[in-house]
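The structure appears below as structure tokens.
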Amino acid sequence: MKMIEQFRNFRWIALLFMAIAVVSCSDDDEAPEEEDELEVITDVTLIFTNTSDASDVVRASAEDPDGLGAQSLVVLDAITLSLDTEYTLTFDILNALDEDDIEDIGEEIEDEDDEHQFFFSFTEDAFADPSGDGNIDTASDPINYGDEDDNGNPLGLSTTWTTGSDALAGGNFTVRLKHQPDIKTSTTGAEDGETDFNLSFVLNIQ
Amino acid sequence: MMLVCYHFFGFAQNQPCNYSVSGNVLNADTEEPIPDAVVKVSGTEKQTTTDENGNFKIDGLCSKKNTLIISCIGYADSTRDHEHDSEIHFYLTQEVTSLKEVTIEAQRTKEKGTETISQVTIGKAEIASNPTQSLASALSGLEGVTFSSTGANVQLPIIHGLYGNRILILNNGLKHGFQNWGTDHAPEIDVASANNITVVKGAAGVRYGPEALGGAIIVEPSPLLLNNPFYAALGTGYQTNGRGYNANLEVGQGTENWSYFANGSYARSGDRKAPDYYLTNSGKEEKALSFGVLRHLNQWDFKINYSFIDQNLALLRSSIANSPDSFIRAINSDEPVFINPFSYDINQPNQTTQHHLAKAEVNWWYAENARLTFIGGIQLNKRDEFDVRRNADIPIIDLDLLTYDYQLEWKHPKWHGLDGLLGLQYFSQNNDNNPGTQTTPFIPNYNTDRFSAFVVESLDFGKNTMEAGIRFDFETNDVRGRETNQDIFRDNYSFTNFTGTLGYVRQLSENSTFRTNLGTAWRTPNMEELFSFGQHGFKTTFGLLRFQDNDGQLSTSEVIPLDESDVDPERGYKFINEFMTRKNGNTHHLTVYSHYIENYIYDRPIGVFGTIRGPMPAFIFDQVDALFFGADYNWEKEWTNSLSGTFGLSFLWSGNIGDNDPLINQPPISTNFELQLNQGKVWWFDSSRWSIRPSYTFRQFQAPRTVTPESLVDGSVTLTTDSEIFDFADAPDGYFLLDLSWSFSWKNLHGNITAQNLLNTGYRDYLNEMRYFADDLGRNLIFTLNYNFKSRNNNE
């Protein structure tokens, strides 16, 4: 009699086991939801616009079509500017991993202007203004920033460049975008924070 | 009827061949005497049984030191044996008349299926001396056990060179269901609430399942003893390094048919300090609670357990490098790139985890020495990881992992001398990415279902025990992920496998034991090894199915289905031998093992590849045939009753024998010595114990060659996927550490003061991923105080 009771007891547990096993077998098969990839930059275009002739535009691009994949970065163009001309430099910064949903990272940077700054370096005295070789090596070196963040520090989505009367062939122009969350000040430089991109172009002035 | 044997080692002092030993066997919890226990002096014919008051006396002994074997037949209840009489139920009190000092060591009853495998257990007292340490660090004092870490908070145990999901962590009888991949995910287990932790050093896959290829770690909570008067244990602690503080409380009680325990703990630490600087962003905060209830009815036991832990772990700020210049700078700098003043704040990078575990267990002792056990468990692991990035407050990894676990076990009655266990297991995991991370998932969504059956049998003949086991597993996986262009990829694959174990224990003499075990094991590659793609921390990693090797060039353009790839499951063959001998105050343990793993999967640097940020360091998962060969040696010496020492040495040789290359991130040779002085009663303390522990860890002489990131970035070195394995930095130099500790008790108070790295040595640990960026921890003084209250009588 006692044995029978215990057997009932056991049967009840076995039943419970099977019930839970069945419940947990019901798998879902959903894929992760689509994400807007905000970290990756695949395409950067430098746009030099002649300040006295808006139709005179020089573009130079670099692209890394697979982002974090193993495919290499390609610098597509050289920068070829005219002598004795003032240009405004602006950028197209995109994430085009998903061709159907291209992200404008430039807007992101503008939204978080107090965390970002562009730095530049170029062949010594390539420009009449700014002079020198840029502010990647020394942050206080002259660059003509045309914008500033909420704290009054330079940003660099817009900068001004004036070429002189000396021609240049096969020079260098490097632009580096730094991400400096919580650390950006008026004195932070190109070594502080994290690099969002760092691109070197051939610079010709003729 | 179950026979429980406990080995106690007692030392008596008197005239030659006129020694006597006497004592009292008590229930350690109720302090009630245990009558009719058989006390035998090992190596002699002398034996006796305890009287009504638990007392015994044995005269005419010729040796000053004796091993006592105490056998208690069906102690807890002669008609219903069950496992409540674990070793802590018994202890020996000495009669001062003829016995100066008694040292008690209890041997834990080994789990079925692992009896022939070398294993070690650490108990509550050891755990309580530093309750805030990680599981891995608590075990790292044991020979052959080290840990791999990502900074001070994330530590994974390594057994004989293997870690991660080659080591099964059995938490409260359930395989701990967590994101067990990478070196930056440690098991979320509150060490303070553990009652004991056992390390099984051999392939224990037959008993526990595929992940026990390299060994198993068994964490057990309070055993829920019956007839156990109300107790409360309150612990507090402070440590200087990180200005960490903690508190924990456990209460419990067992009546004739009920038992319960409940505990909770809290720990917090700020930034830790290397000898010369603060390790900015290395604090942690941890909250844990658990409870268990046992109902005992005749031959039935019903048990439920629940545990919860919430962790927020900071990772070193200076370890984040998302551009080549910052990575080169971080690696070459003597000091970390970010050093801020001390703070308790936890910023990015960090990880937050909540882990829930609920378990129900039913045991039915339906006949003598026979038992049916059913265990059902559910675990929910929620993990968020935060990186330094443009949207730092949004997790970059946001995963929910749900694990179901059902086990039915039958311990059959003795049958033709065979003692064994048969089991059926069903294990299921469901991993889901929560949307909103604004990055392509690093780990896909997946469902894993595994059905298993096993049998382990042991046979005693004379002084020998044979043990054999076999296991069958069938596993299916259904995987859904996203490529970086947000296209969906899917994969389905399944494996069927048999594994086996064969072991033998021989009692060579009264003082010597030899055990040997040959185990096979297998393991399916985990999701990170197969599907990871992207940047996490300073690493960009490509899983086995995310890249193709086209004549030495890496292509990551498509995800390869597993069935079309050449990826195979890992298969391991571990042969482990242990020899133990105890004579004249000397105890020697020697463990020698060899472990061959076919298709061993590991990640290694592969080079740099171009991104818009510049050339970035990349890692791939690779599959090779690996051999591990090593030995652990341990020598305990007792000079006097109060002075003893332990010397330990661990050696491991490992290599990729398919290509005759070294592996990477393997434990270097290490050696340590611990000198203990047990003062007994001194001043007003009831006990006082000192220990000093010098240790030396050698430089890893088997590290791969070094190729600096700058030489790859400037193009002076070019690599293909066929190039010899390398690392970005040299293996750090060997280092000497000195630890000092004092523990005492006074009435119900137990205290401990430990100085770790007393000399404040600056060093880097080869197995710490942060070795690229910063020194390890400097001096740390740990103060703990535990108050144990135990009610005298059992009012039920």
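The values are calculated or read from the model by the stated rules, or taken from the named source; none is laboratory data. Note that the structure is predicted; figures quoted are calculated from it, not measured. Every residue, glycine among them, receives a Cβ derived from its backbone with ideal geometry; neighbour counts consider all protein chains shown. Surface areas here come from the heavy atoms of the whole protein model, side chains and all, with no ligands, DNA or RNA. Shrake-Rupley method; radii C 1.70, N 1.55, O 1.52, S 1.80 Å.
Side notes on the structure shown:
- In segment A:191-203, the qualifying residues are those that are in a loop (DSSP other than H, G, I, E, B) and within 9 Å of chain B (Cβ to nearest Cβ), and the one that is most open to solvent (accessible area, probe 1.4 Å) is A:191.
- Filtered by the rule that a residue be modelled with pLDDT of 90 or more, surrounded by 18 or more Cβ atoms within 10 Å (Cβ to Cβ) and within 11 Å of another protein chain (Cβ to nearest Cβ), segment B:483-494 gives a lone residue, B:489.
- Looking across B:459, B:422, one residue alone is out of contact with any Phe, Trp or Tyr (no Cβ under 6 Å at 6 or more places or on another chain), on the phi < 0 side of the Ramachandran plot and surrounded by fewer than 20 Cβ atoms within 10 Å (Cβ to Cβ). It is B:459.
- Test for residue B:335: is it touching a residue at least 40 places away in the same chain (Cβ under 8 Å), more than 12 Å from chain A (Cβ to nearest Cβ) and in contact with a helix residue (DSSP H, G or I) (Cβ under 9 Å, 6 or more places away or on another chain): yes
- Output for segment B:700-724, where each listed residue is in contact with a helix residue (DSSP H, G or I) (Cβ under 9 Å, 6 or more places away or on another chain), among the hydrophobic types (A, V, I, L, M, F, W, C) and assigned to a loop (DSSP other than H, G, I, E, B): B:717, B:719
- Only one of the listed residues (B:403, B:373) is open to solvent by less than 20 Å² (accessible area, probe 1.4 Å), free of Cβ contacts under 8 Å to residues at least 40 places away in the same chain and either closer than 30 Å to residue B:482 by Cβ or more than 10 Å from chain A (Cβ to nearest Cβ) (or both). That residue is B:373.
- Among the residues of segment A:31-46, none is identified as in contact with a Pro (Cβ under 9 Å, 6 or more places away or on another chain), modelled with pLDDT under 85 and more than 7 Å from every other protein chain (Cβ to nearest Cβ).
- Flag for residue B:310 being free of Cβ contacts under 8 Å to residues at least 60 places away in the same chain, outside any helix (DSSP H, G or I), away from chain A (no Cβ under 11 Å) and touching an Asp or Glu at 6+ places or on another chain (Cβ under 9 Å): yes
- Residue B:477 vs. criteria within 14 Å of another protein chain (Cβ to nearest Cβ), over 26 Å from residue B:386 (Cα atoms) and open to solvent by 50 Å² or more (accessible area, probe 1.4 Å): no
- Inspection of segment A:60-70 finds a residue satisfying the criterion of being touching a strand residue (DSSP E or B) at 6+ places or on another chain (Cβ under 9 Å), facing chain B (nearest Cβ under 7 Å), touching a residue at least 24 places away in the same chain (Cβ under 8 Å) and more than 15 Å from residue A:91 (Cα to Cα).
- Any chance residue B:225 is farther than 17 Å from residue B:310 by Cα, crowded, with 22+ Cβ neighbours inside 10 Å and either in the same structural domain as residue B:252 (by TED's automatic domain parsing) or free of Cβ contacts under 8 Å to residues at least 40 places away in the same chain (or both): yes
- Residues satisfying the stated conditions in segment A:78-127, i.e. open to solvent by 60 Å² or more (accessible area, probe 1.4 Å), at pLDDT 90 or above and in a strand (DSSP E or B): A:86, A:92
- Filtered residues of segment B:218-274 (kept if assigned to a strand (DSSP E or B) and polar (S, T, N, Q)): B:228, B:236, B:239, B:246, B:248, B:253, B:259, B:263, B:265, B:269
- Single condition residue B:508 does not satisfy, out of (1) surrounded by 17 or more Cβ atoms within 10 Å (Cβ to Cβ); (2) over 29 Å from residue B:558 (Cβ atoms): (1)
- Here residue B:694 does not fit the description of being surrounded by 19 or more Cβ atoms within 10 Å (Cβ to Cβ) and under 27 Å from residue B:334 (Cα atoms).
Okay, residues lined up against (1) outside any strand (DSSP E or B); (2) over 23 Å from residue B:155 (Cβ atoms); (3) in contact (Cβ under 8 Å) with a residue 24 or more places away in the chain; (4) away from every other protein chain (no Cβ under 14 Å):
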| position | (1), (2), (3), (4) |
| --- | --- |
| B:302 | no, yes, yes, no |
| B:328 | yes, yes, yes, no |
| B:343 | yes, no, yes, no |
| B:351 | no, no, yes, yes |
| B:354 | no, no, yes, yes |
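Condition check ((1) outside any strand (DSSP E or B); (2) modelled with pLDDT of 85 or more; (3) away from chain A (no Cβ under 14 Å)) across all residues:
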{"residue": "B:535", "(1), (2), (3)": "no, no, no"}
{"residue": "B:559", "(1), (2), (3)": "yes, yes, no"}
{"residue": "B:578", "(1), (2), (3)": "no, yes, yes"}
{"residue": "B:587", "(1), (2), (3)": "no, yes, yes"}
{"residue": "B:597", "(1), (2), (3)": "no, yes, yes"}
{"residue": "B:603", "(1), (2), (3)": "no, yes, yes"}
{"residue": "B:608", "(1), (2), (3)": "no, no, no"}
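- Only one of B:383, B:389 that is more than 13 Å from chain A (Cβ to nearest Cβ) and either at pLDDT 95 or above or on the phi < 0 side of the Ramachandran plot (or both): B:383
- Test: residue in segment A:54-65 that is modelled with pLDDT of 90 or more, of a type outside the set (S, T, N, Q) and under 29 Å from residue B:387 (Cα atoms): yes
- Residue within segment B:450-459 that is farther than 18 Å from residue B:418 by Cβ and touching a Ser or Thr at 6+ places or on another chain (Cβ under 6 Å) present: no
- Residue match in segment B:780-790 (condition: modelled with pLDDT under 90, in a loop (DSSP other than H, G, I, E, B) and farther than 25 Å from residue B:240 by Cβ): no
- Number of positions in segment B:420-441 that are more than 7 Å from chain A (Cβ to nearest Cβ) and aromatic (Phe, Trp, Tyr): 1
- The selection criterion, being at pLDDT below 95, under 16 Å from residue B:204 (Cβ atoms) and assigned by TED's automatic domain parsing to the domain that holds residue B:569, holds for residue B:497.
Okay, residues lined up against (1) within 21 Å of the chain's Cα centre (by Cα); (2) more than 25 Å from residue B:536 (Cα to Cα):
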| position | (1), (2) |
| --- | --- |
| B:295 | no, yes |
| B:298 | no, yes |
| B:303 | no, yes |
| B:313 | yes, no |
| B:317 | no, no |
| B:338 | no, no |
| B:344 | no, no |
| B:364 | no, yes |
| B:387 | no, no |
